[in-house]
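Undergrad: After the structure tokens below, expect a handful of questions from me.
The values are calculated or read from the model by the stated rules, or taken from the named source; none is laboratory data. Because the structure is predicted, anything quoted here is derived from the model rather than measured. FYI the Cβ positions are ideal-geometry reconstructions off the backbone, even for glycines, and counts take in every protein chain you see.
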Amino acid sequence: MRLSRYFMPVLKEDPKEAQIVSHRLMLRAGMIKQQAAGIYSWLPMGFKVLNRVQQIVHEEQQRAGHIPMLMPTLQSADLWRESGRYDDYGDEMLRIKDRQKRDLLYGPTNEEMITDIFRSHVSSYKDLPLTLYHIQWKFRDEMRPRFGVMRGREFLMKDGYNFDLTKEDALHAYNRHLVSYLRTYERMGLQAIPMRADGGPIGGDYTHEFLVLAETGESEVFYDSQITDLTFGAREIDYDSVEACQSVLEEFTSRYARTDETHDEAIFAEVPEERRRTARGIEVGQIFYFGTKYSEPMGATVVGPDGNRVPVHMGSHGIGVSRLLGAIIEASHDDKGIIWPEGVTPFHVGIVNLKQGDVSTDSACEALYAELKAQGMDPLYDDRDERAGAKFATMDLIGLPWRITVGPRGLANNKVELTSRRTGESLEMSPQEAIVRLKEIYQPIFDAAF
Ligand code: P5A
């Protein structure tokens, strides 16, 4: 993309309404625009990162064997009357009437709708196990929408639902989700720690939240510091293996880590004092096992091997897709702006032309731009007629992890500069070497795709 032709309305001033750094930087970098409290337009660069995040979520869900689909945002109130949640959900639910005066609602979650789909089409245990998911907008009329996309009213969620014959099978689905989530967050450059939590309005008493530690997080968390040493890494795992998934769950959940809802001082006191930590965290996902809470009242049953009909065991599993952009920025920024991890960056590299209009500088930039694209990369070429300082400030603000600086002086020796946004380190090399280096850097990112 050429910056002169892009739409990236960066702000010079800090917006007053932003209380936390991710909100401020998303507004300043021209990624989002607020349309009403907790409701945002996603401007091109914000949309691009949102798509990168979604892509990783899709890939990791499908790697785990989960099946993508799409349900609508509007739901019939009658389904929610069947489960009993229409009355329970309270003011967070946006209730709507259509012209026939039928009650609809903008879905805050989809347990009822997916259970309805399941009961309409599945009737035998032979069709199990089954896990369906979608990535769709949700609406929760939060009392205090704030912090930008972090606590929105309209927000994008990946929500998945497993259907199993037995509790044991459903717990395997739970573990499979835990493993796939660890992998998902790591690909985004995040450490998200699974912590024992509370079921809330979704239900069930077996649930983990995934938390990214950050001072601005809304949850108070308590954990054994050893847990922050764990990484999932590049390991391959057989998602059908009960033992393999169980052992990852044990590895990542055997140390104390709980949100304030389930925190227990007496158990926490057993952790050696020097390892006890209290901190704040951003909840970027949550997984639930709730058994037959929805299948029983809604009649989602299958004929089992013995010929008897039984309600299926279910769980649901959510990732806060739009919230993740805020969480990534909270975890990765400096005083100049965002620092995107390579896995989610909107553009792989920025090209800064120091002397726009100079024939040889322009043509070197054009050649670099074309070659990077030919090599499968997505460059952003700052071809505006601007001062070098302004171009650098924009690049630093929008946070592309790599920058190639091209100027007449370097070009006289066939040199450009490759700079890391994270470390600030610059290396001089030929344009060809810069391309080779970037390919090496991004190869593991491309290889991680499913
Ligand atoms: C699991 C999937 C559920 O709704 N039903 C379907 C279950 N879980 S949850 O924990 O309530 O939400 C899942 C994730 O969505 C994000 N989230 C939000 N993101 C932005 N703004 C909000 N107001 C908001 N509310 C929830 C969180 O990341 C949460 O973990």
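Undergrad: Report those helices (runs of 4 or more DSSP H) wholly inside region 259-354 carrying at least 1 residues which are more than 30 Å from Thr394 (Cβ to Cβ) and away from the ligand (no atom under 16 Å from the Cβ).
TA: Correct list: 265-268, 295-298.
Undergrad: For region 191-222, which residues satisfy the criterion of being out of contact with any helix residue (DSSP H, G or I) (no Cβ under 6 Å at 6 or more places or on another chain), in a loop (DSSP other than H, G, I, E, B) and within 13 Å of the ligand (Cβ to nearest atom)?
TA: Within region 191-222, Ala197, Asp198, Gly199, Gly200, Pro201, Ile202, Gly203, Gly204, Gly217, Glu218 meet the criteria.
Undergrad: Might you let me know whether region 404-417 holds any residue that is surrounded by 15 or more Cβ atoms within 10 Å (Cβ to Cβ), at pLDDT 95 or above and under 27 Å from the mean Cα position of the chain (by Cα)?
TA: Looking through region 404-417, none of the residues is surrounded by 15 or more Cβ atoms within 10 Å (Cβ to Cβ), at pLDDT 95 or above and under 27 Å from the mean Cα position of the chain (by Cα).
Undergrad: Among the residues in region 238-253, are any of a type in the set (Asp, Glu), surrounded by fewer than 17 Cβ atoms within 10 Å (Cβ to Cβ), in a loop (DSSP other than H, G, I, E, B) and modelled with pLDDT under 95?
TA: No, that holds for no residue.
Undergrad: Let me ask something else about it. Residues of region 137-181 being within 12 Å of the ligand (Cβ to nearest atom), among the small types (Gly, Ala, Ser) and within 23 Å of Glu330 (Cα to Cα), which ones?
TA: Gly148, Gly152
Undergrad: Can you name every residue in region 155-186 that is among the hydrophobic types (A, V, I, L, M, F, W, C), in contact with a strand residue (DSSP E or B) (Cβ under 8 Å, 6 or more places away or on another chain) and not in a strand (DSSP E or B)?
TA: Those that are among the hydrophobic types (A, V, I, L, M, F, W, C), in contact with a strand residue (DSSP E or B) (Cβ under 8 Å, 6 or more places away or on another chain) and not in a strand (DSSP E or B): Leu165, Ala170, Leu171, Ala173, Leu178, Leu182.
Undergrad: Just checking, does region 360-376 include any residue being in contact with a Lys or Arg (Cβ under 9 Å, 6 or more places away or on another chain), buried (at least 22 other Cβ atoms within 10 Å of the Cβ) and of a type in the set (Val, Ile, Thr)?
TA: no
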